[in-house]
Amino acid sequence: PLCGGRPAQRGRSLQLSGATPQIRPSVGLRRLVMAGGRSPVRRFRSWRSYQEEMCTPHVLVTLSLAFVGSLLVGAMAVDDESSVHAIFSVCEDLPRGGRRCHSKPWQGLLVGNVLVFAVAAMAQGCQSHFVLLGATALLGLLGVVTPTQALAGFSSSGNVVSQAVLLLVAGIQEAGVIDQIFFKLLGVAKSRRSALLRSQVLAGILSAVLQPNTVVAAGGAALMLWAPQVGMSPRELFLPFACAAGMGANFMMVSNSVALTVAQMMPDSKLTDFDTVSVCIVTTVVTIVYGMFASPRFFRSAPKGQFAASTNASSAADSCTNNHFVIHFVVAADSILVGRTPSQAGLLSMSGASLLSCTRPVELPMAEGDEFCFAASAAGVALVRSRNPGLDLKSVNTLEVLGAQRHRRCLFEAGVGPSSSLVGLRLPLSGLPGAQCLAVRRPGGCPELSSAGPPTEFTGPLQVGDILLVEAFLEFPDHPQAERDFSFFAAVPASMPPRHGRRVDTQRGWLALLLLVGIIVLSALKVADLLFLALAAVGVCLVTNVLHRATALRSLKLEMYLGIAGGIGVSSALACSGLANALAHCIIAIVGVVAGGSPIAILVALSATASLLSNMMSNTAAAAIIAPIASQVCATQGISVKCAALVLIYSANAAFSTPFATTTNMLIKALGPYEFPDYVRYGMPLQLLMLFTIPCSCYLLYGMYA
């Protein structure tokens, strides 16, 4: 699964893992071969370790305070005529007309304690989708929600649309279309602030159509290569880039799971696809301007030139270890690299790959037919192939040799065994069952670099112990001939052949992008329901092979689907137990004391609550929890439901102060790299800025009252 396909039958080959990968030998070698040392054995965890992890002092104090507070509130609500008993009242319409009201304070307090425990568990790092599903199941067992209410999230149209959009975005990304967009639009910045402006504007624009997670994942690799060109460190770019992507995702509802969830939980808001546009532009501009001035202050760049990669073959030879292959690539005719220098294309700063030589000086733009020689690890070869559309292997065309079904292939390292029929043969090899040899390395160094002249690929003759890098089908290690010729196999993680190299691959990617834009336009024109448009677009992608059926399921985000479903279940419990009404009254009372009951202050309080929860848990789950409270506040104070819903959407997505607040924050944590104080230092001022920008913008553009 790590290399993009199904596991090999009977488990004859294991996947590489980190710096100390395990290699499973074939039948000819019964002992376990370790590349890079023996992996430490992880000990079983005891129940006490889980208890110590969950029952930290602040968690115990929080739960104790919640329990004691529930007892006090419950004691005050014993009298049916008391005001405390009244704020837990819930009214519902009867099937034959009329309304029925009831108040169950103890049920609402029970839901409150379950919710406090769920938030504490998510703040401790427990996965939000499991916590919310568990809370929904517990509340169902206690009779708070009915099965229909508990399962409503699984049939939510917004939940299904979010998954359909993920499939379309996966088709766009696999074809390399997003990479082409980044290559063309980033350009060459002349200053640091110009670079920050370019990257953030691009993130905001792309996130308006695509999922911000996809934009950050694809843009992260492009920015990692682009940052050295403008003399900046990746730390200076990634966090502003992720924040701009998060705010740009509010542009349209179709690509925003938070907006779709709020629209379902607050139907009276009557949100349409483009209601979020105007405030999104304001908040995104504020985020971009803040990033341009705050990032250079908080994240100092290294001196310009520090990140420049070496193209000296001798220095690359010194760093070439016994796990490097020497391999040649050539620029294709229709490559997006044509007209760019190797530095602008990022070829000088590829992780795991060192550029040894090229046809023309690296200062000159590349042209069709230019050759590049790399010393690269197996993972480095996979990275060069996937991140550079139009840079093809010189020695072999795997599409012609192995044909279609690229989703069932990956890279393997295979060691030549003592009884192999390959000993003494020279490259290129032919006759490998369902495989094609790309390069060979000999443990002990890089003999290809020791001779005078330009570096050359290893050609042989092969001897026992040589390691071949092959692209092969996943069944390759189980073939009898392969078991005879090779002593071990090691699959390279994330090495499935890229779905570019043919004109039809690029056309499929642009078709997926056209379908995504099409469902947005058709939904805005009320041609059909968004759910059916999204499902029809996914069907077109599967029929036209834009996204292969075998990879479609891997493109779905099950944790997102379950998180939204669990959040809707908990939200239903908040509403039907009366807790949402009680919390709404509390917010109104607090604002009345602090700010004289100002409506704008109520919106600020809702925004602060949503942002606080989003920094501790999933932003979709936070929005689902706050939505019924916001509805009760609007009903009590006469505030516009649409205005409150928009405040909730923007505030839930404005989570910048913790690394686990959003997926985009998690994606850039290792790329920066960033630590927890970095998020607080950069995100907290922006959080406070948004706390007033969002409510004021919604008030001015949409009005306060219904």
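Results, tabulated for the structure shown:
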{"quantity": "Residue list for the range 170-191, filter: modelled with pLDDT under 75 and outside any helix (DSSP H, G or I)", "calculated": "ALA175, GLY176, GLY187, VAL188, ALA189, LYS190"}
{"quantity": "Matching entry among SER450, SER419 (being open to solvent by 60 Å² or more (accessible area, probe 1.4 Å) and at pLDDT 80 or above)", "calculated": "SER419"}
{"quantity": "In the range 484-504, the residues that are open to solvent by 40 Å² or more (accessible area, probe 1.4 Å), among the charged types (D, E, K, R) and either outside any helix (DSSP H, G or I) or in contact with a Ser or Thr (Cβ under 7 Å, 6 or more places away or on another chain) (or both)", "calculated": "ARG484, ARG502"}
{"quantity": "Number of the condition not met by ILE181 [criteria: (1) of a type outside the set (Gly, Ala, Ser); (2) in contact with a Ser or Thr (Cβ under 9 Å, 6 or more places away or on another chain); (3) touching a residue at least 24 places away in the same chain (Cβ under 8 Å)]", "calculated": "(2)"}
{"quantity": "Candidate set: the range 187-196, residues that are free of Cβ contacts under 8 Å to residues at least 60 places away in the same chain and surrounded by fewer than 24 Cβ atoms within 10 Å (Cβ to Cβ); chosen: the one farthest from PRO296 (Cα to Cα)", "calculated": "GLY187"}
{"quantity": "Condition broken by LEU167, with the remaining ones in (1) more than 29 Å from ASN256 (Cβ to Cβ); (2) of a type outside the set (D, E, K, R); (3) open to solvent by 20 Å² or more (accessible area, probe 1.4 Å); (4) assigned to a helix (DSSP H, G or I) satisfied", "calculated": "(1)"}
{"quantity": "Some residue of the range 97-117 being touching a residue at least 40 places away in the same chain (Cβ under 8 Å) and in contact with a strand residue (DSSP E or B) (Cβ under 6 Å, 6 or more places away or on another chain)", "calculated": "yes"}
{"quantity": "The range 224-265, subset modelled with pLDDT under 75 and of a type in the set (Val, Ile, Thr), residue farthest from THR664 (Cα to Cα)", "calculated": "VAL230"}
{"quantity": "GLN507, sole failed condition from (1) open to solvent by 30 Å² or more (accessible area, probe 1.4 Å); (2) closer than 30 Å to ARG426 by Cα", "calculated": "(2)"}
{"quantity": "Meets criteria (open to solvent by 30 Å² or more (accessible area, probe 1.4 Å), out of contact with any His (no Cβ under 8 Å at 6 or more places or on another chain) and closer than 29 Å to PHE274 by Cβ) for VAL641", "calculated": "yes"}
{"quantity": "Single residue of the range 67-84 satisfying the filter (at pLDDT below 85 and assigned to a helix (DSSP H, G or I)) that is least open to solvent (accessible area, probe 1.4 Å)", "calculated": "VAL84"}
{"quantity": "Residues being closer than 29 Å to SER64 by Cα and surrounded by fewer than 22 Cβ atoms within 10 Å (Cβ to Cβ) - total across the range 123-150", "calculated": "15"}
{"quantity": "Criterion: in contact with a Ser or Thr (Cβ under 7 Å, 6 or more places away or on another chain), assigned to a helix (DSSP H, G or I), open to solvent by less than 10 Å² (accessible area, probe 1.4 Å) and of a type in the set (Ser, Thr, Tyr) - qualifying residue of SER162, SER199", "calculated": "SER162"}
{"quantity": "Wholly enclosed strands (runs of 3 or more DSSP E) of the range 346-416 bearing at least 1 residues within 20 Å of GLU174 (Cα to Cα) and open to solvent by 10 Å² or more (accessible area, probe 1.4 Å)", "calculated": "391-393"}
{"quantity": "Selection count where residues are open to solvent by 10 Å² or more (accessible area, probe 1.4 Å) and closer than 12 Å to LEU583 by Cα, scope the range 607-625", "calculated": "1"}
{"quantity": "Single unsatisfied condition, MET666 versus (1) modelled with pLDDT under 80; (2) part of a helix (DSSP H, G or I); (3) buried (at least 17 other Cβ atoms within 10 Å of the Cβ)", "calculated": "(3)"}
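Let's see how each residue does on (1) out of contact with any Ser or Thr (no Cβ under 8 Å at 6 or more places or on another chain); (2) on the phi < 0 side of the Ramachandran plot; (3) open to solvent by 20 Å² or more (accessible area, probe 1.4 Å):
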residue	(1), (2), (3)
LEU515	yes, yes, yes
GLY518	yes, yes, yes
ALA524	no, yes, yes
LEU530	no, yes, yes
LEU533	no, yes, yes
LEU542	yes, yes, yes
THR551	yes, yes, no
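Residue-by-condition table, conditions (1) modelled with pLDDT of 85 or more; (2) buried (at least 18 other Cβ atoms within 10 Å of the Cβ); (3) of a type in the set (Phe, Trp, Tyr):
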position: VAL90; (1), (2), (3): no, yes, no
position: LEU94; (1), (2), (3): no, no, no
position: TRP106; (1), (2), (3): yes, no, yes
position: LEU109; (1), (2), (3): yes, yes, no
position: ASN113; (1), (2), (3): yes, no, no
position: ALA118; (1), (2), (3): no, yes, no
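The values are calculated or read from the model by the stated rules, or taken from the named source; none is laboratory data. Only a predicted model underlies this, so the values are computations on that prediction, with no experimental measurement involved. No Cβ is skipped: glycine too gets one built from the backbone with ideal geometry, and neighbour counts run over all protein chains shown. Ligands, DNA and RNA are stripped out before the accessible areas are found, and what is left, the full protein with its side chains, is counted by its heavy atoms. Shrake-Rupley method; radii C 1.70, N 1.55, O 1.52, S 1.80 Å.
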